[in-house]
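The values are calculated or read from the model by the stated rules, or taken from the named source; none is laboratory data. Just so you know, these numbers come straight off a predicted model, no measurement behind them. Don't worry about glycine lacking a Cβ; one is built from the backbone with ideal geometry, like all the others, and counts go over all protein chains shown. Note: accessible area is taken over every heavy atom of the protein model, side chains too, but ligands, DNA and RNA are not part of it. Shrake-Rupley method; radii C 1.70, N 1.55, O 1.52, S 1.80 Å.
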Amino acid sequence: MTQEPSQAERRPSSVGSHAGAPTAKLVGDLTTTALRAARAFATRHEEPAAWREVSRMHGVFLSLLPPAAAPPTPSDLIAALRHPMRAWVPLRWDLVPSELGSFSVLSHDDLLTSEAIEYGSDYNEALFENHEAGIDWVPRWAQQTFEKVERSVYLVLSSAGQNEYVATRQMLIEVPAGTVEQVSDELHERGALHTEAYEPLPPDRQFVSGQDAWYVPCPVCRWPMHVRGSLLACRYPQHVGQFTITQAHDVDGAPRVRGPLPTVAVHAAETVCLHEAVWRYITVPGITEVSLMGWLAEQAGIDGDAITKWPHKDRWDISVRAGSSVFEVDLKDTRSPSQLVARPPRARHVVVPDYRSWQVAQLRRSLPTGRYEVRTVRAFKTLVGKALKEAQ
């Protein structure tokens, strides 16, 4: 079946008349096109249509940029994708948000970079809130799994009652991997709903040591880390550091892992883990959400019934009553503040992880004045503490 061209492919080039003056939309289209080309190139050995997709995306670059501004051939485009777009696309980059064009899309081992995955995920998050928003940076032949996951997870959640919704969502945050039996037990103990969110542990997240296969969970999110030779790293760039599989073994035969935080290798037999889309859209942001929920529950003066998790099935993330104050909170963990501005939160209190503290000033400037209060998690905890102290 012939793939229909996307809006970016159908749109004629409009930069020739005002070359050098990019808009965020143009740079977004260029980055989306680069992501599609890189994704296709990374799967060229398994997918016969991959090189055709790379050639199509090269054509989109030619149509979006002025003459001679784009790489001259598809192979040249692939080479360019290993460098930040700001280094090889001749545009006025000072006129667009600083996060755009600032990262390479393709790594030197022919995989999408973690920054590219994070950027793409920020755009793709709309898939789970509005199917029409879609994942047009992924070629159609690569979309089927995403669509299956969406139907299984989000359509199940949308039909759930509030309690089932909370139980299922919290499990997808707290149990990103385990044996088939462990995941089944968690499902029943929590009263969570069955979804197709879990898949067999992929080959790139396990390794062989001795006679057995192993995986190593990220010490932050507990999702299996990506394996490259003897090196391990979480696919989410904000999760700390790189780990090394050593030649030493524990008494149970598990290979020891050296890194910035303690973690241990786990037997990979019969292991399943969350599909990458579910991990990125639910587990990763959910770590901050569940951590804050736990902190709130520990505060003297906040009873358990004063905290509502994901009210109205995630219209926002947390409602909490602290003293005489009620806080409705949306936690946002996104690489691109401009995407958050384009799709404003529903809650008044917008909270970002502490490692995104640099976004606070930009969001305060960009979101509608008077409608939102933007803070880091640490600053929000201070605000809650103040409200509790005033209530004493």
Note to self: Quick check on ALA300: is it over 25 Å from GLU99 (Cα atoms), in contact (Cβ under 8 Å) with a residue 60 or more places away in the chain and of a type outside the set (D, E, K, R)?
What the structure shows: yes
Check: Of ARG365, ARG348, ARG343, which residue is surrounded by fewer than 20 Cβ atoms within 10 Å (Cβ to Cβ), under 28 Å from ALA391 (Cβ atoms) and of a type in the set (D, E, K, R)?
Finding: ARG348
Checklist line | Inter-residue pairs, beta-carbon under 8 Å, first over 16 Å from THR33 (Cα atoms) and in segment 44-55, second open to solvent by 100 Å² or more (accessible area, probe 1.4 Å), 6+ apart | finding: ARG44/TRP51
Notebook entry, point to check: Do you know which residues across segment 325-339 are open to solvent by less than 10 Å² (accessible area, probe 1.4 Å) and modelled with pLDDT under 90?
Noted result: SER336, PRO337
Next item on the list: Could you check segment 224-283 for strands (runs of 3 or more DSSP E) lying wholly inside it with 3 or more residues that are of a type in the set (Gly, Ala, Ser)?
Entry: none
Notebook entry, point to check: Pick from ASP76, ASP109: which is over 22 Å from ARG228 (Cα atoms) and either modelled with pLDDT under 85 or of a type in the set (D, E, K, R) (or both)?
Noted result: ASP76
Notebook entry, point to check: Filter segment 264-320 for residues that are among the polar types (S, T, N, Q) and modelled with pLDDT under 95; which is nearest to ARG169 (Cα to Cα)?
Noted result: THR283
Next item on the list: Considering only residues that are part of a loop (DSSP other than H, G, I, E, B) and open to solvent by 50 Å² or more (accessible area, probe 1.4 Å), look in segment 171-207 and name the one that is farthest from THR244 (Cα to Cα).
Entry: HIS194
Note to self: Quick check on this structure: which one of ALA322, ALA265, ALA269 is surrounded by fewer than 19 Cβ atoms within 10 Å (Cβ to Cβ), more than 24 Å from TYR119 (Cα to Cα) and of a type in the set (A, V, I, L, M, F, W, C)?
What the structure shows: ALA269
Check: Is it the case that some residue within segment 47-70 is at pLDDT below 85 and either aromatic (Phe, Trp, Tyr) or part of a strand (DSSP E or B) (or both)?
Finding: no
Next item on the list: State all residues of segment 72-103 that are open to solvent by less than 80 Å² (accessible area, probe 1.4 Å), under 22 Å from VAL341 (Cα atoms) and not in a loop (DSSP other than H, G, I, E, B); if no residue qualifies, say none.
Entry: TRP93
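Take segment 171-191 and flag every residue that is in contact (Cβ under 8 Å) with a residue 60 or more places away in the chain and within 17 Å of CYS218 (Cβ to Cβ). Spell out the reasoning first.
At the first step, the residues of segment 171-191 found to be in contact (Cβ under 8 Å) with a residue 60 or more places away in the chain are 172-174, 176-181, 183.
LEU172, ILE173, GLU174, PRO176, ALA177, GLY178 - these are the residues of segment 171-191 that are in contact (Cβ under 8 Å) with a residue 60 or more places away in the chain and within 17 Å of CYS218 (Cβ to Cβ).
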Checklist line | The lone exception for SER107 - which of (1) under 25 Å from the mean Cα position of the chain (by Cα); (2) farther than 30 Å from LEU340 by Cβ; (3) of a type in the set (Gly, Ala, Ser) it fails | finding: (2)
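What's the total number of residues in segment 368-377 that are surrounded by 15 or more Cβ atoms within 10 Å (Cβ to Cβ) and without any contact (Cβ under 8 Å) to a residue 40 or more places away in the chain?
Residues flagged as surrounded by 15 or more Cβ atoms within 10 Å (Cβ to Cβ) and without any contact (Cβ under 8 Å) to a residue 40 or more places away in the chain within segment 368-377 amount to 5.
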Next item on the list: Using the structure shown, decide if ARG315 is of a type in the set (D, E, K, R), more than 24 Å from LEU367 (Cα to Cα) and surrounded by fewer than 22 Cβ atoms within 10 Å (Cβ to Cβ).
Entry: no
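Which of the following residues is over 23 Å from VAL175 (Cα atoms) and small (Gly, Ala, Ser): GLY229, GLY241?
Working: GLY241 fails: over 23 Å from VAL175 (Cα atoms).
Unique residue meeting the criteria: GLY229.
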Margin query: Given the criteria in contact (Cβ under 8 Å) with a residue 12 or more places away in the chain, open to solvent by 30 Å² or more (accessible area, probe 1.4 Å) and over 22 Å from the mean Cα position of the chain (by Cα), does VAL240 qualify?
Written below: no
Notebook entry, point to check: How many of the residues making up segment 208-236 are touching a residue at least 24 places away in the same chain (Cβ under 8 Å), open to solvent by 20 Å² or more (accessible area, probe 1.4 Å) and more than 17 Å from ASP109 (Cα to Cα)?
Noted result: 7
